[in-house]
């Protein structure tokens, strides 16, 4: 088609609606934050602080990967924070109490998250309970089970010295021990490895195709002969799997499973997904955008903390940014 005959308004609307544009906006916001905080404090760009930002992004980013799928379908998962905690507690049970080998304990922790996600998906798909209510219920169930199973006490991995280095060790640093700037924790590589896998699933597999189809028009997808319930369960199971991985990472980072930790992480993960350009209306989103959104959240919180902004105002600023991100999504849809 001759580009000259395409109305300018159509071109501009197409550009405004594109996923690439949304990622570009999020990335631009990230760059602006980096510049502002770098100028505001000489401590911001110090290596230890950069590592702190990367570590903060690792767990939240992994949780956000799973939530991306759910939100693309037009759903929501409020349970990922406490499912993460429950997975960490079960990892502690498998490794510390049952004394299973660490790889089996990790697998058990991830499987715990996947099971919780599958239960969420089954309730939503088969019982037709709205995702908000279903996952809210699971949030409390997972929180309660974490407290009951742990006996209200943290589970420590002191007798398993190989567990903490899973995230806090540095495979790259061990290869180049004299290079300070290569002492990057393994958690960062786990995040990017998980992001690559999540992106491939979303863009190259039938699960990814049906994830977008469910969010774009679930009824049309059903009428085309697709087993909507099965794929919806698969999406929530995948979300739970990432929550389970996040739980293992958190337990490794703290060298303990903290049963009271986790609630609130779901909001940070959802915020990262929305900031990254995934539409709460469903049908649109990218893993790349989610990772950028996760870094925006981490950089923002870290920068405000370095500037000694009180915790309550950090929360206010974060909430304001979420509102702006959602409003931009609404404007984008209107212009489309």
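The values are calculated or read from the model by the stated rules, or taken from the named source; none is laboratory data. In this text, all values refer to a predicted model and were calculated from it rather than measured experimentally. Every residue, glycine as well, gets a Cβ built from its backbone with ideal geometry; the counts of neighbours run over all protein chains shown.
Numerical summary
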read-out	value
Filter result (under 13 Å from residue 74 (Cα atoms) and part of a helix (DSSP H, G or I)) within the range 273-288	273, 274
Of all residues in the range 74-115 being outside any helix (DSSP H, G or I) and out of contact with any helix residue (DSSP H, G or I) (no Cβ under 6 Å at 6 or more places or on another chain), the one that is farthest from residue 257 (Cα to Cα)	101
Subset of the range 250-272 [over 17 Å from residue 57 (Cβ atoms) and either touching a strand residue (DSSP E or B) at 6+ places or on another chain (Cβ under 7 Å) or free of Cβ contacts under 8 Å to residues at least 12 places away in the same chain (or both)]	251, 255, 256, 257
Sole exception among (1) outside any helix (DSSP H, G or I); (2) without any contact (Cβ under 8 Å) to a residue 12 or more places away in the chain for residue 331, by number	(1)
So residue 118, is it touching a residue at least 40 places away in the same chain (Cβ under 8 Å), within 15 Å of residue 236 (Cβ to Cβ) and in contact with a helix residue (DSSP H, G or I) (Cβ under 6 Å, 6 or more places away or on another chain)	yes
Which numbered condition residue 55 misses (of (1) at pLDDT below 95; (2) in a helix (DSSP H, G or I); (3) more than 17 Å from residue 195 (Cβ to Cβ))	(3)
Members of the range 209-227 found to be without any contact (Cβ under 8 Å) to a residue 60 or more places away in the chain, touching a helix residue (DSSP H, G or I) at 6+ places or on another chain (Cβ under 8 Å) and closer than 16 Å to residue 285 by Cβ, listed by number	210, 213
When residues of the range 31-78 are limited to those that are within 17 Å of the chain's Cα centre (by Cα) and more than 30 Å from residue 229 (Cα to Cα), the one surrounded by the most Cβ atoms within 10 Å (Cβ to Cβ)	58
All helices (runs of 4 or more DSSP H) inside the range 141-250 with 3 or more residues being crowded, with 22+ Cβ neighbours inside 10 Å	186-204, 206-223
Criterion: closer than 29 Å to residue 142 by Cα and either out of contact with any strand residue (DSSP E or B) (no Cβ under 7 Å at 6 or more places or on another chain) or at pLDDT 85 or above (or both) - qualifying residue of 336, 303, 282	282
Yes/no for residue 294 being buried (at least 24 other Cβ atoms within 10 Å of the Cβ), farther than 23 Å from residue 36 by Cα and at pLDDT 90 or above	no
